[in-house]
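Each remark here refers to the structure printed beneath this line.
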Amino acid sequence: MTQPSFPPVRLLPKANARAVRHGFPWVYANEAVLDRRTKGMAAGTITTLEDSERRPMGVVAVNPASKIIFRMLDQTPDAVIDQGWLETRIARALVHRDRIYDAPFYRLVHAESDGLPGVVIDRFGDTAVVQPNAAWAETLIEPLAAALASVTGVTTIIKNGTGRARSLEGLAEETTVLLGTAPDAAIPVPMNGATYMADVMGGQKTGLFFDQRPNHAFAASLSRGARVLDVFSHVGGFSLAALANGAASALAVDGSAPALDLASAGAKASGVADRFETRQGDAFDVLAALGDEGAQFDVVICDPPAFAPSKNALEAGLRAYERVARLAAPLVADGGYLVLCSCSHAADLTKFRNASARGIGRGGRRGVIVNTGSAGPDHPLLPQLAESGYLKALTFRL
């Protein structure tokens, strides 16, 4: 497979070429020379990037429809982006995961951090779910799937083409099977001593959130003999881990009935169904109702969706995180623990910590932070790209 030859694209003199040379993987549209030829390139075009003095800097994917107009694929200017190149990147990612995990359930590719910009691949045993969230990956989806199968040996590959990132790239939403046959039931996933049920065809994102694994484990370590409340529980991430580690009881709260059904199935598969309950409803409403009921728990975890998915949503998002903390804090027994999470990259750790502390104070409580968590090692952080370190988990003792 040879790479088509396109004219090079170029940075403006004001662009920070040094940052790109030192590993920043994106070029924004206001940093690029936007001549008619560049504007006319099809989304997903792969070509050479030059600095303002026409010195080659590497191979980039072009998308004139996106604010991120160029994504750096390889800093070798004559690199050919084909199935062999994709296999090399995936194999490098696989070596890291195989060193850490004893079972093939993990995030295999974490986008820019694994050298595949905009590409997320989660592995569920013999099944892999690919999210091609950048136009170049959509264009090369067939060689990408072939490379994935060749390197890992997975027999089913699902393309999950949903989510905000794709809309920002101008890509259509669709979920299709690229290899094998779609699973006809949820896939059991062993993690932290529990069994989770992943709906890889119709669940949120790829069907399971692997990023919280170490934070599930830490919260579980606090939960032996404890009464646990897991709010925004999805398929029971925190509550099932807590029960597997000896929690006395766990209540999972979520707005999605299908997610809670999967959580209950996971509790049954984990042998902890007798200590597990669910409550469907708006999380804020349920937190308020539990407060009115005078409910008390030893460990309360709140893991909401991204309230601040962009800078424009930051202030509203911080108010929402503060409200979660205000409603949750009174439910924690004296000396108990409150775990507050954020997956909003726009809300950095300091802003999120301050909003959480304000909410706890407004809830009439005081606390100290005993642990600060982030995503697991299958979600590596690219130091030049703050967005790759989006997840924050704060554990307060109240």
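The values are calculated or read from the model by the stated rules, or taken from the named source; none is laboratory data. This is a predicted model, so every value here is computed, not measured. When we count neighbours, we look across all protein chains shown, and the Cβ atoms used for this are built from the backbone with ideal geometry, even at glycine. Ligands, DNA and RNA are stripped out before the accessible areas are found, and what is left, the full protein with its side chains, is counted by its heavy atoms. Shrake-Rupley method; radii C 1.70, N 1.55, O 1.52, S 1.80 Å.
Tabulated data
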item	result
Residue within the range 7-15 that is closer than 27 Å to P380 by Cβ, open to solvent by less than 20 Å² (accessible area, probe 1.4 Å) and under 26 Å from the mean Cα position of the chain (by Cα) present	no
Any hit, the range 199-207, residues being closer than 19 Å to K392 by Cβ and open to solvent by less than 40 Å² (accessible area, probe 1.4 Å)	no
Subset tally (residues that are within 25 Å of S113 (Cβ to Cβ), hydroxyl-bearing (S, T, Y) and in contact (Cβ under 8 Å) with a residue 60 or more places away in the chain) for the range 324-373	0
Hits in the range 163-175 (condition: open to solvent by less than 50 Å² (accessible area, probe 1.4 Å) and not hydrophobic (A, V, I, L, M, F, W, C))	G163, R166, E169
Listing of helices (runs of 4 or more DSSP H) fully contained in the range 247-365 that carry 2 or more residues being in contact with a strand residue (DSSP E or B) (Cβ under 6 Å, 6 or more places away or on another chain) and closer than 30 Å to K67 by Cα	349-362
First in the range 292-318 and under 15 Å from R227 (Cα atoms), second anywhere and open to solvent by less than 20 Å² (accessible area, probe 1.4 Å) and assigned to a loop (DSSP other than H, G, I, E, B), Cβ under 7 Å, 6 or more apart	D298/A226; V299/S223; V299/A226
Which numbered condition I157 fails, given (1) buried (at least 24 other Cβ atoms within 10 Å of the Cβ); (2) part of a strand (DSSP E or B); (3) not hydroxyl-bearing (S, T, Y)	(1)
Within the range 5-108, helices (runs of 4 or more DSSP H) holding 2 or more residues that are in contact with a strand residue (DSSP E or B) (Cβ under 7 Å, 6 or more places away or on another chain), at pLDDT 95 or above and among the β-branched types (V, I, T)	none
Filtered residues of the range 176-198 (kept if open to solvent by less than 60 Å² (accessible area, probe 1.4 Å) and in a strand (DSSP E or B))	T176, V177, I187, V189, M191, A194, T195, Y196, M197, A198
Test result for P305, modelled with pLDDT of 95 or more and open to solvent by 30 Å² or more (accessible area, probe 1.4 Å)	no
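Conditions (1) in contact (Cβ under 8 Å) with a residue 60 or more places away in the chain; (2) open to solvent by less than 10 Å² (accessible area, probe 1.4 Å); (3) closer than 25 Å to H379 by Cβ; (4) not aliphatic (A, V, I, L, M), marked per residue:
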position	(1), (2), (3), (4)
D51	no, yes, no, yes
G58	no, yes, yes, yes
I81	yes, yes, yes, no
R89	no, no, yes, yes
S113	yes, no, yes, yes
E138	yes, no, yes, yes
S150	yes, no, yes, yes
